[in-house]
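Let me begin by presenting the structure, written as structure tokens, before commenting on it.
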Amino acid sequence: MSIVTVQLGQCGNQIGFEVFDALLSDSHSSQGLCSMRENEAYQASCKERFFSEEENGVPIARAVLVDMEPKVINQTLSKAAQSGQWKYGQHACFCQKQGSGNNWAYGYSVHGPRHEESIMNIIRKEVEKCDSFSGFFIIMSMAGGTGSGLGAFVTQNLEDQYSNSLKMNQIIWPYGTGEVIVQNYNSILTLSHLYRSSDALLLHENDAIHKICAKLMNIKQISFSDINQVLAHQLGSVFQPTYSAESSFHYRRNPLGDLMEHLVPHPEFKMLSVRNIPHMSENSLAYTTFTWAGLLKHLRQMLISNAKMEEGIDRHVRPPLSGLPPLSKMSLNKDLHFNTSIANLVILRGKDVQSADVEGFKDPALYTSWLKPVNAFNVWKTQRAFSKYEKSAVLVSNSQFLVKPLDMIVGKAWNMFASKAYIHQYTKFGIEEEDFLDSFTSLEQVVASYCNL
């Protein structure tokens, strides 16, 4: 089944390009470590999901590009065409001359209603090209104006017009140090609106990806392109084909539906994170070997201790009820907090994948009491390796991972709101103080629900 990707704003369009490039590069990779027949089935499954074939054989991304300034879209179209491997559709873009000025209200209340018909028409035409349509993958930031404000507006429209289709929003969480003075306002407005209209929010923190680039990839001068490539690698390792449960030789048809079914058992809990392992530079890879037992041991401890990458995992954090005596400093150090899960999905790709033992992820102590591990944990596998790694593992988790950052962003926004800072920039475009209060209430409820797991 096919997925239509909607790329919104500068961030969404730049990441979207890297995602499609990673998907196609991987599907044409000669390092797949599987038979030619299996590789062909893998390529066909990838193309059905994310590309439509053109007459001259160049795949066209199933994507709609939206931005209120032309520069990034033009660059994105040009880079895709220059690759020679794939391109975007000729009429799949919508851009204007004037941006949103990092103002959520302008993107949501001005650009949204003004351009609603044009944007939704382009999306409708893209959906109509799909023989079998699964849903939307919407890529956006939540700090600026277009990606966040217009992104929330478009997602709401998709919910209204395609209520039976799935919608997953991939959201970039801004740097804690701040990119935009009003990013906390933009973030709470985005998250609270998406919580009403999206089926799942797949969240990536810029700070965490930056650390992966610096510490694991050994990149000295980190650019947005480096960060986006790590993001694209993580997303590709989730969405590339895996075997369906019923058969070890057929790829699953509906990855978006399967993700939602496995990971979002209740509409109150829809925040998902991705962790993958290994991450390393080409130079380091040549001197490293991996075992499934080692990779999965690391990944499990990353889940338990809420670590974003395999370096610096806190080994002291243990599941409650695991039969081990609690550490005396547990109660003193609030950072040693066990990360309770609602649902987890482990995706394994590569050599000898059938021998991988995932029993450690079935421990009931990892999960909330109202879901049994048999319902809360799933594993997807394929012998086909991903990217440059002989063996790789991905964890997609619905857990307490974002409670602390979300609570922090709500707190910062509330402090600004209490002093009425910058509120006038939103009220002049129709976002009233009541809208802010609704957003605070909604997100405080989300934080409380995850805390009570």
Residue satisfying condition, being farther than 26 Å from Gln400 by Cα, open to solvent by 10 Å² or more (accessible area, probe 1.4 Å) and either in contact with a strand residue (DSSP E or B) (Cβ under 9 Å, 6 or more places away or on another chain) or in a strand (DSSP E or B) (or both), within set Asp131, Asp160, Asp226: Asp131
Tally of residues being crowded, with 22+ Cβ neighbours inside 10 Å and basic (Lys, Arg) across segment 1-48: 0
Segment 229-257, residues that are modelled with pLDDT under 90, open to solvent by 50 Å² or more (accessible area, probe 1.4 Å) and touching an Asp or Glu at 6+ places or on another chain (Cβ under 8 Å): Phe249
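Condition check ((1) assigned by the TED database to the domain that holds Met260; (2) open to solvent by less than 20 Å² (accessible area, probe 1.4 Å); (3) in a strand (DSSP E or B); (4) modelled with pLDDT of 90 or more) across all residues:
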| site | (1), (2), (3), (4) |
| --- | --- |
| Arg315 | no, no, no, no |
| Pro325 | no, no, no, no |
| Asn344 | no, yes, yes, yes |
| Asp357 | no, no, no, yes |
| Phe361 | no, yes, no, yes |
| Val379 | no, no, yes, yes |
Leu348, sole failed condition from (1) free of Cβ contacts under 8 Å to residues at least 60 places away in the same chain; (2) part of a helix (DSSP H, G or I): (2)
Candidates Gln400, Gln445, filtered to the one that is within 27 Å of Glu261 (Cα to Cα) and open to solvent by 70 Å² or more (accessible area, probe 1.4 Å): Gln445
So Gln10, is it under 19 Å from the mean Cα position of the chain (by Cα) and over 23 Å from Cys130 (Cα atoms): yes
Candidates Leu437, Leu453, Leu406 - the one that is of a type outside the set (D, E, K, R), within 20 Å of Asn339 (Cβ to Cβ) and either in contact with a Lys or Arg (Cβ under 9 Å, 6 or more places away or on another chain) or part of a helix (DSSP H, G or I) (or both): Leu406
Residue identified as touching a residue at least 24 places away in the same chain (Cβ under 8 Å), outside the structural domain of Ile409 (by the TED database) and farther than 16 Å from Gly12 by Cα among Gln240, Gln229, Gln221, Gln170: Gln240
Output for segment 7-53, where each listed residue is of a type in the set (S, T, N, Q), under 23 Å from Asn254 (Cα atoms) and at pLDDT 95 or above: Gln7
Candidates Met302, Met260 - the one that is assigned by the TED database to the domain that holds Arg37 and open to solvent by less than 30 Å² (accessible area, probe 1.4 Å): Met260
Verdict on Lys362 being basic (Lys, Arg) and under 23 Å from Ser25 (Cα atoms): no
Test: residue in segment 203-222 that is outside any helix (DSSP H, G or I), touching a Pro at 6+ places or on another chain (Cβ under 6 Å) and modelled with pLDDT under 95: no
Conditions (1) open to solvent by 50 Å² or more (accessible area, probe 1.4 Å); (2) of a type outside the set (A, V, I, L, M); (3) more than 18 Å from Leu158 (Cβ to Cβ); number of the one not met by Ser100: (1)
Residues within segment 204-218 that are closer than 25 Å to Thr76 by Cα and without any contact (Cβ under 8 Å) to a residue 24 or more places away in the chain, tallied: 2
Enumeration of residues in segment 409-425 that are part of a helix (DSSP H, G or I) and either free of Cβ contacts under 8 Å to residues at least 12 places away in the same chain or within 28 Å of the chain's Cα centre (by Cα) (or both): Ile409, Val410, Gly411, Lys412, Ala413, Trp414, Asn415, Ala418, His424
Qualifying positions in segment 2-47 - part of a loop (DSSP other than H, G, I, E, B) and either at positive phi or of a type in the set (S, T, N, Q) (or both): Ser29, Ser30, Gln31, Leu33, Ser35
Residue list for segment 261-313, restricted to those being small (Gly, Ala, Ser) and not in a strand (DSSP E or B): Ser281, Ser284, Ala286, Ala293, Gly294, Ser305, Ala307, Gly312
Segment 74-87 residues that are among the hydrophobic types (A, V, I, L, M, F, W, C), paired with ones that are open to solvent by 50 Å² or more (accessible area, probe 1.4 Å) (beta carbon under 8 Å, 6 or more apart): Leu77/Lys87; Ala80/Lys87; Ala81/Lys87
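The values are calculated or read from the model by the stated rules, or taken from the named source; none is laboratory data. What you see is a predicted model; the values in this text were computed from it and never measured. Note that each Cβ is placed from the backbone with ideal geometry, even for glycine, and that neighbours are counted across all protein chains shown. Protein only, heavy atoms only, side chains kept; ligands, DNA and RNA dropped before computing areas. Shrake-Rupley method; radii C 1.70, N 1.55, O 1.52, S 1.80 Å.
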